[in-house]
1. Dipole magnitude of the range 240-312 about its Cα centre, charges +1 at Lys/Arg Cβ and -1 at Asp/Glu Cβ only, in debye to the nearest 20?
2. For the range 302-362, which trypsin sites (Lys or Arg not before Pro) are both in a DSSP coil and crowded by at most 10 other Cβ atoms within 10 Å?
3. Over 24 Å between Cα atoms, which of Lys467/Lys487; Lys55/Lys487; Lys85/Lys231; Lys85/Lys487; Lys229/Lys487; Lys186/Lys467 qualify?
4. Based on the Cβ-Cβ distance of Asp422 and Glu65, what FRET efficiency does E = 1/(1 + (r/R0)^6) give at R0 = 30 Å, to the nearest 0.05?
5. Nearest 500 deg cm²/dmol is fine: what mean residue ellipticity at 222 nm does the chain get from its DSSP H runs of n ≥ 4 alone, each adding -39,500 (n - 2.57), divided by its residue count?
6. Could you tell me which of Ala427, Ser301, Leu201 has its Cα farthest along the dipole of the chain towards the positive end, charges placed at Cβ (Lys, Arg +1; Asp, Glu -1), taken about the Cα centre?
7. Among Pro373, Trp345, Met317, flag the residue with its Cα farthest along the positive direction of the charge dipole of the range 286-392, charges on Cβ as +1 for Lys/Arg and -1 for Asp/Glu.
8. Taking the Cα centre of the range 267-451 as the origin, how large is its charge dipole in debye, to the nearest 20, when only Lys and Arg (+1) and Asp and Glu (-1) carry charge on their Cβ atoms?
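Please treat every number below as a calculation from the coordinates, not as lab data. Not measured: the values here are computed from a predicted model. Because the Cβ atoms are built from the backbone with ideal geometry, glycine has one as well, and the counts that use them run over all protein chains shown.
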Amino acid sequence: MLTEARDPVVTYVTGRDQKMLIDGKFVASSTGNVMEVIDPSTGKQIAELPCASDKDVDAAVSAAEAARPAWEAMGVDGRSKCFAKFAELIDQNRERLAMLDAIDCGNPIQAMRADIDLCKPYLNGWPALAKSLTGDVIPASSGNLHYTAHRPYGVVGRITAFNHPAMFAITRPLPSLITGNTLVMKPSEETSLSTLALAELFSEAFPPGVVNIVTGKADTGDAIVTHPKVKRLAFTGSVGTGLVIQRRAAESGNVKHVSLELGGKNAMVVFPDVDLDAAVEGAIFGMSLNVCQGQACGSNSRVMVHSKIHDAFVSLMAEKLGKYRIGLAYDEQTDVGPLVSKAHWDRVMNYVESAVDQGAILVRGGHRPANAPNGGNFLEPALFAGVKPDMRIGREEIFGPVVSVFEWNDYDQMIVQANSVDLGLTASIWTNDLSIAHKTADALDAGYVWVNDSTRHYFGTPFGGTKNSALGREESKDELLTYLEHKVVHTRLGDPKLALDRVLGV
């Protein structure tokens, strides 16, 4: 049992005044409206956060617009110094940020420390990548000079997802900032605590108005999306919300550049020549069960195993899943924490129940553990076998700790089945034959494919999906360029001989 002295909620949340960051100042909502923060490990309310009004969003956008010229004028070198200071502050606040995510999101504390550490390649990488950007000289005609240049869009609106709150709030704004844009960012209403803590670090590392952070629900996000001075929008989250953002951006009356990183119903294809233990470990790792309880867009929730090893695979996976310790997210011994909210727990359980009703075989898990802490949104990871493509768990994104195992024999039919969903974010292929691996990677309709690996991201490689999973690519030069408008300059040089005679006084 946690004592008050050891309770991280008391240490990091209780009694703290939660404020938004607008124009370098920490402010409450202009309306006084607030929303509750519920600890998913206990079900208890632990704080209140401001709900930004349209007036607050307008103030944030105006501050960002006013700060933009000076921020752009600093150049990449000047902006890189702010990045370096920000990185230093994140190092100093690593434990606080990680613990706030464990408290607020339900992800295990050890995984959230790793999340903060994973930000380092991005903090160092974006300035270096920005310095490498160049324009082009185009030999389009003789007697003229044609070249290209880049300019920032201006004010960027960024809305982040709930499953990696601090990591997303740190890394996702970086490409827009290093290219000279200014920012209005809104975290998920379900996990805003670490982003508000980061507001303090942003305010110390960046000039006033460059980064503005508002909190609130869907209406706050809509105010950002439809604001006439927000020219560039970026969103990470569900397909449904992404589609709404596209529509509302189009209805705003202003042309906006929108990028979306959305959901996945990702296939992991297992061939019979693999090391069984490694493949099972890969399947569990790829579900991010001990990072965010399977609440991950890139999780390999459809595991397609060849019939020669299917039964052994399912048996070994069930055995390994049984060793995971479920408990309070901020307990150092916890492997799997609670789901983010009671509403989401209910949603995931609805999928578990529908799978049983439709004839899938529940091998293990899929229920609230008997020894789980009271009040928390705990769910033992569910492993299903005998899953068919027409079952809901076989085609819809669940975003939770539910693994569906499919058995296959025919290669071509398996590929058709893998590509049959309307999402195409990631895929994972397990085989010792590289010819088969590359043939299958080419056949799978996914934007990011791992061979004998899964889940890991590598800065500099374009991350994104096909179909309804994404619009645009992230974490690479491809993303950097999307925060810059392309400009072409044409210069008529005239007759070089006449110019030379004039200069020389001939």
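1. Computed charge dipole of the range 240-312: roughly 560 debye.
2. When the trypsin sites (Lys or Arg not before Pro) of the range 302-362 are filtered for loop state and at most 10 Cβ neighbours within 10 Å, Lys323 remain.
3. Violating the 24 Å Cα-Cα cut-off are Lys467/Lys487; Lys55/Lys487; Lys85/Lys231; Lys85/Lys487; Lys186/Lys467.
4. 0.20
5. Rounded to the nearest 500, it is -12000 deg cm²/dmol.
6. Leu201
7. Of the options given, the answer is Met317.
8. Approximately 460 debye in magnitude.
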